[in-house]
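Scroll down for the structure; my scribbles are underneath it.
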Amino acid sequence: MDSVVLVTFKIKGIPIPIKIASTNEPSREQILKKISDLANGYDLSGEIQFKKLLKENGHKMYIYEIGDRKCMVLVERLEKIKEFEEISS
């Protein structure tokens, strides 16, 4: 595995960002499903609407609304995965 995709969900009303690491980039349908699952899990009500897609330096930011709550989804492709070196004692 040489690279990883880090997907961060920041939703107003959820105190901490939700981060998911994957070997493949999620589709818009997969992102929408995860937002729906998170909204249900945190009892956030309202219609989920896609607002905008921003692209910069290979990263993507999807902006949604859940009712009147803002939801941002950042998709970052990280470079090669490095292992920590073992330290002998």
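Residues that are small (Gly, Ala, Ser), at least 1 per element: which strands (runs of 3 or more DSSP E) completely within the chain meet that?
Details: elements: 4-11, 18-22, 48-56, 59-66, 69-78.
Filter on the chain gives 18-22.
Applying the selection to the range 51-80, what residues are touching a Gly at 6+ places or on another chain (Cβ under 7 Å), within 17 Å of ILE11 (Cβ to Cβ) and surrounded by 12 or more Cβ atoms within 10 Å (Cβ to Cβ)? Explain how you work it out, then say what you get.
Let us first name the residues in the range 51-80 that are touching a Gly at 6+ places or on another chain (Cβ under 7 Å), namely 66-69, 77.
Subsequent filtering for residues that are within 17 Å of ILE11 (Cβ to Cβ) retains 66-69.
If the condition is that a residue be touching a Gly at 6+ places or on another chain (Cβ under 7 Å), within 17 Å of ILE11 (Cβ to Cβ) and surrounded by 12 or more Cβ atoms within 10 Å (Cβ to Cβ), then ILE66, GLY67, ARG69 are the ones that fit.
Show the residue pairs meeting these rules: Cβ distance below 9 Å; 6+ apart or different chains; first residue within the range 21-35 and at pLDDT below 95; second residue assigned to a loop (DSSP other than H, G, I, E, B) and surrounded by 10 or more Cβ atoms within 10 Å (Cβ to Cβ).
Correct list of pairs: THR23/SER3.
Just the residues that are under 14 Å from PHE9 (Cβ atoms) and surrounded by 11 or more Cβ atoms within 10 Å (Cβ to Cβ), please, taken from the range 38-49.
Kept after step one, since they are under 14 Å from PHE9 (Cβ atoms), are these residues of the range 38-49: 38-42, 44, 48.
LEU38, ALA39, TYR42, LEU44, ILE48, listed by residue number.
Tally the residues that are exposed (fewer than 14 other Cβ atoms within 10 Å of the Cβ) and either touching a Leu at 6+ places or on another chain (Cβ under 7 Å) or over 12 Å from ILE66 (Cα atoms) (or both), restricting the search to the range 2-19.
First, the residues of the range 2-19 that are exposed (fewer than 14 other Cβ atoms within 10 Å of the Cβ): 2-3, 12, 15-17, 19.
Filter again for either touching a Leu at 6+ places or on another chain (Cβ under 7 Å) or over 12 Å from ILE66 (Cα atoms) (or both), leaving 2-3, 15-17, 19.
Selection size over the range 2-19: 6.
Conditions (1) on the phi < 0 side of the Ramachandran plot; (2) charged (D, E, K, R), marked per residue:
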position	(1), (2)
GLN30	yes, no
LYS33	yes, yes
LEU44	yes, no
GLY67	no, no
ARG77	yes, yes
SER88	yes, no
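Counting just the residues of the range 20-37 that are among the small types (Gly, Ala, Ser) and open to solvent by less than 70 Å² (accessible area, probe 1.4 Å), which one comes out farthest from GLU76 (Cα to Cα)? So that I can check it myself, show each step before the final result.
Taking the range 20-37 and keeping what is among the small types (Gly, Ala, Ser), we get 21-22, 27, 36.
Remaining after also requiring open to solvent by less than 70 Å² (accessible area, probe 1.4 Å): 22, 27, 36.
On the way: SER22: 10, SER27: 13, SER36: 21 Å.
Within the range 20-37, the match that is farthest from GLU76 (Cα to Cα) is SER36.
The values are calculated or read from the model by the stated rules, or taken from the named source; none is laboratory data. Model, not experiment: these values are computed from the prediction. When we count neighbours, we look across all protein chains shown, and the Cβ atoms used for this are built from the backbone with ideal geometry, even at glycine. Side chains are part of the model used for accessible areas, which takes the heavy atoms of the whole protein and leaves out ligands, DNA and RNA. Shrake-Rupley method; radii C 1.70, N 1.55, O 1.52, S 1.80 Å.
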